[in-house]
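Report on the structure given below.
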Amino acid sequence: MEGLEKTSHQVEEKMERIIIDTDPGVDDAQAILMAAAHPTSKIEALLTVAGNVGYEHTLRNALTLVEVVGQDIPVYAGCDKPLLHFQEDAAFAHGNDGLGDVGLVPKSRQPEKEHAVAALIRMVNESPGEITLAAIGPLTNVAVALKLEPDLPKKLKRFVVMGGAVTGHGNTSSITAEFNIYYDPEAAHIVFTAWEHAREIIDVVDWEITTRHGFPLDVVNRWLEIDTPKAKFFKKMTAKGRERSITIKRNTMYAADPLALAVLLEPDIVTEAETHHLAISMTDEATRGQTVVDWNDRTGKTANANIIMAVDDKRFQALMEQGIR
């Protein structure tokens, strides 16, 4: 498989410790498959949050995914709604159950008793500078954690967010906003404001880069021939998305959350990025949830976002294939 050998060239022998905050979600599921298969990374926990579908579905799906990947990953239940306002979900894209309506439920796994926010704070405080956090759903859990532990940005090794539409080409009824940010813009505001004074800045993988780096359907069709349980799961849960791509004559399948995990797992997959200040619009109805980037650095505010602009497509595809083998 072309490019696969490049996915195992990490130079550090120590396993990368990852916490994934997620609202599974078809593309969340793909991202978790990818991360679970990566040879030098270890998923320490899944934190669930409401978003793509209702909270009861995202929690159930996270438990199901742990069984699919066959790893002993603890799942912590988190916030079941946005901080202030109820928002539209994305069941139209992910299916009513969030996983393409494949009908899977966990056979035995149960969530941990500790709340996701408390678990995040505890794990980061126990291992300061060692945990990398990936937020691939709305930022509600992270915002609440910041209110309880303001020093969280200083204690994380790295923070990757899938969210935003950095030039206003959104994918929600708000037109300029991306779903994860639009679902809870107040939470996003808390998070990005907190990182203005952090030692590190947030790696942002937005919706617009997702549209530039989708999986070509001919590549996806090749993956569908792989005869493994994970590949069969991938085939079932992506069926509606693939059908939608064909219907609208788009020759790629978008994979937002896998792209964010690819950036996290192998940082040198990034071929272009720009660092600027990013703010969240919360008040104006027409632009609520928009990610406002100071592209020319006119405000003088400290940069808080490393905006990923381009990645190596072949390596991205190889990482996803590795995840379903």
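For (1) more than 30 Å from residue 287 (Cβ to Cβ); (2) among the aromatic types (Phe, Trp, Tyr); (3) at pLDDT 95 or above, each residue gets a yes or a no:
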{"position": "128", "(1), (2), (3)": "yes, no, yes"}
{"position": "132", "(1), (2), (3)": "yes, no, yes"}
{"position": "143", "(1), (2), (3)": "no, no, yes"}
{"position": "150", "(1), (2), (3)": "no, no, yes"}
{"position": "157", "(1), (2), (3)": "yes, no, yes"}
{"position": "168", "(1), (2), (3)": "no, no, yes"}
{"position": "172", "(1), (2), (3)": "no, no, no"}
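Looking only at residues of the range 84-116 that are at pLDDT 95 or above and out of contact with any Leu (no Cβ under 7 Å at 6 or more places or on another chain), we find that the one that is surrounded by the most Cβ atoms within 10 Å (Cβ to Cβ) is 115.
Which members of the range 228-264 meet the condition of being in a loop (DSSP other than H, G, I, E, B), farther than 19 Å from residue 209 by Cα and touching a helix residue (DSSP H, G or I) at 6+ places or on another chain (Cβ under 8 Å)?
Here is the first cut: in the range 228-264, the ones in a loop (DSSP other than H, G, I, E, B) are 228, 238, 248-251, 254-255.
From what is left, the residues that are farther than 19 Å from residue 209 by Cα are 228, 238, 248-249.
Within the range 228-264, 228, 238 meet the criteria.
Screening 310, 303 for residues that are over 21 Å from the mean Cα position of the chain (by Cα) and aliphatic (A, V, I, L, M) leaves exactly one candidate, 303. Look at residue 318 and say whether it is crowded, with 17+ Cβ neighbours inside 10 Å, touching a Leu at 6+ places or on another chain (Cβ under 6 Å) and either in a loop (DSSP other than H, G, I, E, B) or in contact (Cβ under 8 Å) with a residue 60 or more places away in the chain (or both). For residue 318, the condition - crowded, with 17+ Cβ neighbours inside 10 Å, touching a Leu at 6+ places or on another chain (Cβ under 6 Å) and either in a loop (DSSP other than H, G, I, E, B) or in contact (Cβ under 8 Å) with a residue 60 or more places away in the chain (or both) - is met. The residues of the range 167-191 that are surrounded by 24 or more Cβ atoms within 10 Å (Cβ to Cβ) and of a type outside the set (Gly, Ala, Ser), listed by number, are 178, 179, 180, 181, 182, 183, 184, 185, 191. Summed over the range 140-161, the residues that are without any contact (Cβ under 8 Å) to a residue 60 or more places away in the chain, out of contact with any strand residue (DSSP E or B) (no Cβ under 6 Å at 6 or more places or on another chain) and aliphatic (A, V, I, L, M) give a count of 4.
In the condition set (1) more than 17 Å from residue 317 (Cβ to Cβ); (2) loosely packed, with under 11 Cβ neighbours inside 10 Å, residue 218 is compliant with all but (1).
The single condition among (1) under 25 Å from residue 70 (Cα atoms); (2) within 20 Å of the chain's Cα centre (by Cα); (3) of a type in the set (A, V, I, L, M) that residue 190 does not satisfy is (1). Taking the range 41-73 as the range and being free of Cβ contacts under 8 Å to residues at least 40 places away in the same chain and within 22 Å of residue 156 (Cα to Cα) as the test, the residues that pass are 42, 43, 46, 73.
Residues checked against (1) surrounded by 19 or more Cβ atoms within 10 Å (Cβ to Cβ); (2) in contact with a Gly (Cβ under 7 Å, 6 or more places away or on another chain); (3) under 15 Å from residue 323 (Cβ atoms); (4) not hydrophobic (A, V, I, L, M, F, W, C):
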position	(1), (2), (3), (4)
242	no, no, no, yes
259	yes, no, yes, no
267	no, no, no, yes
272	no, no, no, yes
275	no, no, no, yes
282	no, no, no, no
291	yes, yes, no, yes
300	no, no, no, yes
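Determine if the range 142-152 includes at least one residue that is buried (at least 17 other Cβ atoms within 10 Å of the Cβ), in a strand (DSSP E or B) and under 19 Å from the mean Cα position of the chain (by Cα). No, the conditions are met nowhere in the range 142-152.
The values are calculated or read from the model by the stated rules, or taken from the named source; none is laboratory data. Just so it is clear, the structure is predicted and the values come from calculations on it, not from any experiment. All Cβ positions, glycine included, derive from the backbone under ideal geometry; neighbour counts span all protein chains shown.
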